[in-house]
1. Just the residues that are among the polar types (S, T, N, Q) and in contact with a strand residue (DSSP E or B) (Cβ under 9 Å, 6 or more places away or on another chain), please, taken from region 104-131.
2. Taking region 83-104 on its own, how many of its residues are within 12 Å of the ligand (Cβ to nearest atom) and more than 13 Å from Ala9 (Cα to Cα)?
3. Filter region 112-160 for residues that are of a type outside the set (A, V, I, L, M, F, W, C) and either touching an Asp or Glu at 6+ places or on another chain (Cβ under 8 Å) or within 10 Å of the ligand (Cβ to nearest atom) (or both) and give the result.
4. Out of region 213-259, which residues are among the charged types (D, E, K, R) and surrounded by 13 or more Cβ atoms within 10 Å (Cβ to Cβ)?
5. Only one of Val82, Val95 is buried (at least 20 other Cβ atoms within 10 Å of the Cβ), touching a Gly at 6+ places or on another chain (Cβ under 7 Å), hydrophobic (A, V, I, L, M, F, W, C) and at pLDDT 95 or above; which?
6. Within region 1-28, how many residues are closer than 26 Å to Ala48 by Cβ and either near the ligand (Cβ under 9 Å from one of its atoms) or not in a loop (DSSP other than H, G, I, E, B) (or both)?
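The values are calculated or read from the model by the stated rules, or taken from the named source; none is laboratory data. All figures in this text were calculated on a predicted structure; none of them were measured in a lab. Quick reminder, even Gly has a Cβ in these numbers, built from the backbone with ideal geometry, and neighbours come from all protein chains shown.
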Amino acid sequence: MESPPPNIARIYDFLLGGKDNYASDREVGGRIAQALPEVHLGVQQQRAVLRRVVEYLTREAGLRQLVDIGSGLPTAENVHQVAQRIDPATRVVYVDNDPVVLTHARALLADNKQTVVVDGDLIKPSALITDQALRAHIDFDQPVGLLLCGILHYVLDEEDPAGVVRTLVDALPSGSYVFIHHLISAGDPDAAQAEAALRQGVGRGQFRTRDQVAAFLDGLDLVDPGVVTVAEWRPDAGTPSLDANPVLRLAAVGVGRKP
Ligand SMILES: C[S@@+](CC[C@H](N)C(=O)[O-])C[C@H]1O[C@@H](n2cnc3c(N)ncnc32)[C@H](O)[C@@H]1O
């Protein structure tokens, strides 16, 4: 069967060791892995920090509503599993614009009343926050945890990522939290090659600096330890060290609380 064009969610699935991908996805993923041989650790740690953030938001910040934009293909330790293990009543909305992701997520979640799946586009934030299914599941008078994990680097500068985040944050009540995971360019040729492979493969990919990522959280109170690498954000026993794993310098993460 002919392979469909490569797509972000399936390339990520391939890099995570999943099976929901085609030859075209593996080709782009292979080029990324050639530029960054430790990329697999990078994507595993992206999932690990997402888990730690969801645990923080539900256990420590006490949130019971999460909106995960760019949720991706279901894998291990999905957001709803982590959050609902802490409190089964936690409501989760998964948003993605990829029909394959939406089909998989709906099949997985058919029996889970606390979790809904919404077809939405991050670069149309006004439509997203007025989506009927989202509004029916999330109470915008109560704090919300907004997860933007591994997605903003697919929003190009000309699509105004800062404006996108602002529109979303403006819609959230005080006491809400925003989590960002973003790929970083620090002038490394290997990161530039990985970015070029994405651009060529899926037409998107814009790595930014740590300061640019921090600026997305302007106006929010940064949760300790601020905007740092994945290895430095509230590490647990299983978190690999940054010194021994330089690939981990290529992503910045931060959580901000809306005052
Ligand atoms: C790399 S995956 C990240 C998955 C998960 N958030 C994680 O960090 O493990 C990025 C996801 O964002 C989705 N995505 C990319 N651009 C999007 C957009 N403009 N609107 C909604 N989803 C988007 C892709 O379809 C993909 O599922």
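1. Asn112, Gln114, Thr115
2. 1
3. Scanning region 112-160 gives Asp119, Gly120, Asp121, Lys124, Pro125, Gly150, His153, Tyr154, Glu159.
4. The initial filter retains those residues of region 213-259 that are among the charged types (D, E, K, R), namely 218, 221, 224, 232, 234, 236, 243, 249, 257-258.
Once the filter is applied, which keeps residues that are among the charged types (D, E, K, R) and surrounded by 13 or more Cβ atoms within 10 Å (Cβ to Cβ), region 213-259 yields Glu232, Arg234, Arg249, Arg257, Lys258.
5. From the options Val82, Val95, the qualifying one is Val95.
6. 13
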